[in-house]
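Peer 1: Handing you a structure now.
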């Protein structure tokens with residue numbers, strides 16, 4: 001450090017602020033002695049320092065002090081100690097000190113006793129009844145992980161069941177119709193239907209039935225026969241409630257009456273009259289309605305005779321010996337089973353829909369009264 | 001907090017919370033509702049509640065639930081606390097108790113809660129502060145003020161008698 005007349009001011013200030021070491025302070029003092037004209041300047045700077053006024057003091061420092069021991073309890077502040085004692089906020093040692101202090105001052109002791117009386121004791125008789133309301137049990141959600149393979153197996157299983165059920169229903173429906181066609185007369189000979197097996201078709205003059213013979217319209221005639229059989233099956237269904245479902249059977253040589261012109265009635269969904277002879281009124285010979293049920297009733301009652309050789313008698317001298325093939329019988333079954341199955345399913349779906357709509361208040365069908373199925377959701 | 005700890009908490013503290021609330025509200029059905037709501041809230045938040053601090057949590061929830069209820073309903077029915085038989089059996093003790101109950105009823109909601117938390121459950125100033133949302137100093141001041149008020153009421157009644 002080298003103090004010169006050019007930098008002495010900085011050293012003087014550091015000297016006043018007591019920021020210099022003893023050696024540096026000594027150098028500053030030596031420099032001032034060597035330069036007497038600068039001593040006055042240093043004295044002025046020294047006088048600019050502020051000195052603390054010791055006469056200024058803070059009274060009642062006790063107010064700021066924290067209660068750190070029981071010795072500080074006095075007659076001036078005992079109340080807080082009593083309250084702390086009552087609130088049990090004191091240590092065991094402090095409590096003892098308070099008790100000793102109160103014992104020495106009867107008035108304070110009385111006040112302490114009074115404060116002790118203000119303490120509340122919980123009423124044990126006051127209990128929360130029906131705690132069961134408060135008990136809880138966790139609902140654990142079980143997540144069953146299903147892999148795509150399991151889903152595939154399940155789908156295949158369902159498909160197999162559905163397919164089996166479909167064929168079973170079809171077979172049952174076919175069996176019923178065939179059995180109805182064959183009748184349930186005792187001793188009736190029932191033969192299984194074999195492909196290629198033919199049956200004769202009879203027509204009768206009275207009641208009027210028409211079976212227009214036309215070899216060129218053989219296929220059309222078979223269709224007509226099927227229709228008539230369907231009508232007859234409908235009519236006899238009510239009577240044949242006791243009939244057992246059986247495999248696809250047909251009574252051998254069951255007489256069937258057909259009208260080749262009745263194809264036009266196929267499109268009519270109205271129920272067929274059973275024994276109404278007026279059905280053919282105004283239809284003329286070209287469009288007769290078959291009376292299949294009457295003939296069938298005869299066949300049911302006179303099965304032995306009918307087993308032999310059913311004769312087809314044309315109603316209007318137009319004889320026709322139609323041969324009903326097995327294929328046509330099968331088609332009878334199909335045409336017969338379809339509406340029944342449809343009705344059953346429809347009834348089932350309607351019941352399900354009504355139940356669903358009652359419970360959920362959600363309309364399950366659309367504007368055209370169609371039930372929409374779907375929306376299967378599987379969480380993966 | 002597990003299901004078992006929760007149900008143990010119900011078993012242990014339901015009566016305590018109920019006493020605290022019913023003494024504040026002086027209406028049993030409302031107190032039951034508050035207690036039920038408090039437990040329901042604790043059940044919903046059981047994942048965040050430490051079983052060790054379940055009592056403190058329960059009292060905190062119940063206290064605030066009670067304050068909300070008081071502000072909402074503004075309905076306090078003074079309940080007849082004692083039966084006629086008990087009065088006859090122990091008249092002096094019950095008299096003091098009754099006077100104290102009356103004195104308690106004269107306190108403000110906050111002061112009453114502080115006194116009950118202190119006397120019924122023995123909570124410290126700090127714990128009471130945590131439950132009520134007050135600072136420790138506030139708890140101390142309010143509680144001391146309440147205690148002096150109770151004492152003065154007792155002195156006044158004794159002088160009257």
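Peer 1: Considering (1) surrounded by fewer than 13 Cβ atoms within 10 Å (Cβ to Cβ); (2) modelled with pLDDT of 60 or more; (3) away from chain B (no Cβ under 14 Å), say which one residue A:186 fails and leave the rest.
Peer 2: Result: residue A:186 passes all but (2).
Peer 1: May I ask you to verify whether residue B:8 is outside any helix (DSSP H, G or I) and surrounded by fewer than 23 Cβ atoms within 10 Å (Cβ to Cβ)?
Peer 2: Judged against the criteria, residue B:8 is not a match.
Peer 1: Considering only region A:104-115, I want to know if a residue exists there that is touching a helix residue (DSSP H, G or I) at 6+ places or on another chain (Cβ under 7 Å) and farther than 29 Å from residue A:72 by Cα.
Peer 2: no
Peer 1: Within region A:125-136, can you find the residues that are assigned to a loop (DSSP other than H, G, I, E, B) and within 8 Å of chain B (Cβ to nearest Cβ)?
Peer 2: Matches in region A:125-136: A:126, A:127, A:128, A:134, A:135, A:136.
Peer 1: State the number of residues belonging to region A:72-108 that are farther than 30 Å from residue B:113 by Cβ and free of Cβ contacts under 8 Å to residues at least 24 places away in the same chain.
Peer 2: Looking only at that region, the number is 9.
Peer 1: Same structure again: Among the numbered criteria (1) within 13 Å of chain A (Cβ to nearest Cβ); (2) in a helix (DSSP H, G or I), which one does residue B:66 miss?
Peer 2: Failing condition for residue B:66: (1).
Peer 1: Looking only at region B:15-58, count every residue that is touching a helix residue (DSSP H, G or I) at 6+ places or on another chain (Cβ under 9 Å), part of a helix (DSSP H, G or I), within 11 Å of another protein chain (Cβ to nearest Cβ) and under 17 Å from residue A:137 (Cα atoms) and tell me the total.
Peer 2: Here the count works out to 6.
Peer 1: Considering each of B:93, B:103 in turn, give the residue that is at pLDDT below 90, within 12 Å of chain A (Cβ to nearest Cβ) and surrounded by fewer than 18 Cβ atoms within 10 Å (Cβ to Cβ).
Peer 2: Only one candidate passes the filter, namely B:93.
The values are calculated or read from the model by the stated rules, or taken from the named source; none is laboratory data. This structure is a prediction, so every number in the text was calculated from the model and none was measured. FYI the Cβ positions are ideal-geometry reconstructions off the backbone, even for glycines, and counts take in every protein chain you see.
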